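In what follows, a single structure is set out as structure tokens and then discussed.
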Amino acid sequence: MRTLFRIMVEIGRSIRHELLSTLGTLLTVFLALTVPGALWIISDNLARTEREFKTGLTMDVFLTGEPSPERIEEIKIYLGSQSGITNVKYLSSEEALYKMREIFGLDMVKGLEENPLPASFVLEVDQSLYDPPAADRVKAEISKLPEVEDVVFASEMLNRLKHIIRSIKILWLAIGILVAFSAVFIVANTVRVAVADRRKAVEIMQLVGATRNYILAPFVSLGGILGLSGAGLAALFLGFSSGFVSRHLVKVVFPDIYDVMAFLLIGLLLGMFGALVATGKHLKI
Amino acid sequence: MLEVENIHKSYGIAHPVLSGITFGMEKGEMVFLTGASGAGKSTLIRLLYLEEKPTSGTIRLGPYDLNTLPRRRIPFLRRQVGVVFQDFRLIPDRTAAENVALALEVVGRPGMEIRKKTEDILRLVGIWNKKDLYPRQLSGGEAQRAALARAVVTEPLVILADEPTGNLDNANSIELFDLFKKINIRGSSILIATHEVAMAEEYGRRILHLENGRLKEDRT
């Protein structure tokens with residue numbers, strides 16, 4: 001308890017001596033951590049979108065007309081035998097119109113003189129068809145049926161989404177590494193100034209027999225506090241921003257408490273590491 | 001208690017600072033280390049608290065062999081050595097009492113003991129009434145008393161003083177030497193480096209006289 005109090009007093013002294021520089025560091029660490037934090041949230045939300053998209057992903061087989069019930073059963077069996085198809089459901093043009101009315105409302109279909117929607121088969125697919133060549137093979141096979149007018153499958157979109165997510169993850173990783181280095185550098189610089197400012201005190205502490213840990217503890221704690229506070233401010237800012245975007249633009253899911261804690265921990269560790277770099281280099285102890 | 005054997009110290013071949021220094025000190029002894037500026041007094045003092053290592057020779061202080069002492073053990077040696085400097089070396093943003101208490105804090109003494117010992121030692125050196133003043137608010141004599149109090153408060157094996165009166169006027173110098181004497185009577189071993197040979201002689205204690213890095217005289 002006394003040690004903690006001593007460390008706090010020493011940190012207080014360092015901050016008091018270099019108030020502006022400390023505030024500047026806090027602001028810079030906050031800004032530096034906000035960028036990868038934001039990319040983290042974007043990547044997380046895109047991955048969630050991808051999962052949701054996959055869950056509802058179907059292959060729609062549009063027909064030229066309404067086949068007879070016997071033919072529907074034959075086609076169903078044929079479609080079900082295709083690789084990657086897990087379930088086949090027939091949707092008559094009537095049912096399609098009803099569904100459209102459900103989704104878009106009565107006004108949307110009120111003015112229509114006749115039903116423009118074709119009958120179709122809705123095919124549920126498994127993961128093997130997320131691969132575009134495999135999906136194309138099945139599409140080509142299905143298109144051979146004389147009743148088939150068109151086969152629509154959003155695998156291209158899924159694929160594009162996957163690429164976007166992968167690119168954002170790579171960007172996030174690259175920026176994350178860069179930011180980690182810069183945060184370490186920024187904190188190290190502030191702690192270096194604090195060490196220089198307290199050099200006389202440090203020398204005297206060494207003279208009276210203070211151990212390395214006794215001398216380092218306040219500086220490393222200062223670095224940790226700067227990193228943690230910067231990460232905390234970034235998390236708060238991103239939380240409010242996510243809320244704002246969710247209310248006014250598009251739904252954004254903010255990471256859960258464990259992810260936020262991991263983010264804070266990263267800030268804390270970066271700060272402490274920066275302080276260790278600074279003290280190791282500028283304190284010969 | 002302190003054994004110095006055949007110590008040599010040089011910074012490069014052409015510049016020997018200490019040559020063949022050998023002496024010992026008993027527990028409770030007060031010794032003056034005299035010599036002109038550049039004689040090697042400060043270097044010898046620095047070797048005794050391991051600010052520097054000798055080029056050759058051996059130094060033993062109590063249970064510590066300074067030649068083989070690992071770096072991480074140096075703080076523990078320094079807790080057994082109180083050092084007083086010409087420039088006081090007080091932490092500017094700590095009060096006189098806090099500067100003295102620091103020596104006890106680093107060794108992890110309990111708060112009650114720290115307060116009690118700090119008060120006792122500040123009363124002994126006569127600046128208890130200045131305990132809450134910062135170094136810049138103290139006179140040279142008072143600052144040096146605070147520095148002495150810090151060196152003594154942990155009851156080290158030996159107190160080393162490097163030109164402690166260098167920044168003091170004559171009256172303050174005499175008062176400080178009297179204080180050293182008072183502390184020595186309480187049982188502390190003291191080695192004082194000074195260029196004021198005449199003043200050292202007045203105290204009738206053992207004198208080690210250095211000339212050009214060599215021990216020219218060891219007399220009482």
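Checked against the criterion of being over 13 Å from the mean Cα position of the chain (by Cα), within 14 Å of chain A (Cβ to nearest Cβ), outside any loop (DSSP other than H, G, I, E, B) and within 23 Å of B:Gly28 (Cα to Cα), region B:119-135 has at least one qualifying residue. Would you be able to tell me the number of residues in region B:66-85 that are away from chain A (no Cβ under 14 Å) and under 18 Å from A:Leu207 (Cα atoms)? Here the count works out to 1.
Exactly one residue among B:Val107, B:Val153 is surrounded by 24 or more Cβ atoms within 10 Å (Cβ to Cβ), within 24 Å of B:Gly28 (Cβ to Cβ) and within 12 Å of another protein chain (Cβ to nearest Cβ), and that residue is B:Val153. Note on region A:194-250: residues that are more than 14 Å from chain B (Cβ to nearest Cβ), surrounded by 19 or more Cβ atoms within 10 Å (Cβ to Cβ) and not in a helix (DSSP H, G or I) total 0.
Screening B:Leu168 against (1) at pLDDT below 90; (2) in a helix (DSSP H, G or I); (3) aliphatic (A, V, I, L, M) leaves a single unmet condition, (2). Here the helices (runs of 4 or more DSSP H) wholly within region A:1-89 that include at least 3 residues being within 19 Å of A:Phe219 (Cα to Cα), within 14 Å of chain B (Cβ to nearest Cβ) and more than 29 Å from the chain's Cα centre (by Cα) are A:2-17. Selection within region B:142-181: residues that are basic (Lys, Arg) and closer than 24 Å to B:Asp132 by Cβ. The member of this set that is farthest from the chain's Cα centre (by Cα) is B:Arg145. Each residue in region A:148-181 was checked for being touching a strand residue (DSSP E or B) at 6+ places or on another chain (Cβ under 7 Å) and either closer than 30 Å to A:Phe273 by Cβ or buried (at least 17 other Cβ atoms within 10 Å of the Cβ) (or both), and 3 pass. Each residue in region B:86-100 was checked for being buried (at least 24 other Cβ atoms within 10 Å of the Cβ) and more than 9 Å from chain A (Cβ to nearest Cβ), and 2 of them qualify. For region B:17-31, a residue qualifies if it is open to solvent by less than 10 Å² (accessible area, probe 1.4 Å) and in contact with a His (Cβ under 9 Å, 6 or more places away or on another chain), and the qualifying residues are B:Leu18, B:Ile21. When A:Gly12 is tested against the conditions (1) closer than 30 Å to A:Ala196 by Cα; (2) touching a residue at least 12 places away in the same chain (Cβ under 8 Å), the lone failure is (2).
The values are calculated or read from the model by the stated rules, or taken from the named source; none is laboratory data. In this text the structure is predicted, and so the values were computed from the model without any measurement. So basically every Cβ, Gly included, is an ideal-geometry build from the backbone, and we count neighbours across all protein chains shown. Surface accessibility is based on the protein's heavy atoms, side chains included, excluding ligands, DNA and RNA. Shrake-Rupley method; radii C 1.70, N 1.55, O 1.52, S 1.80 Å.
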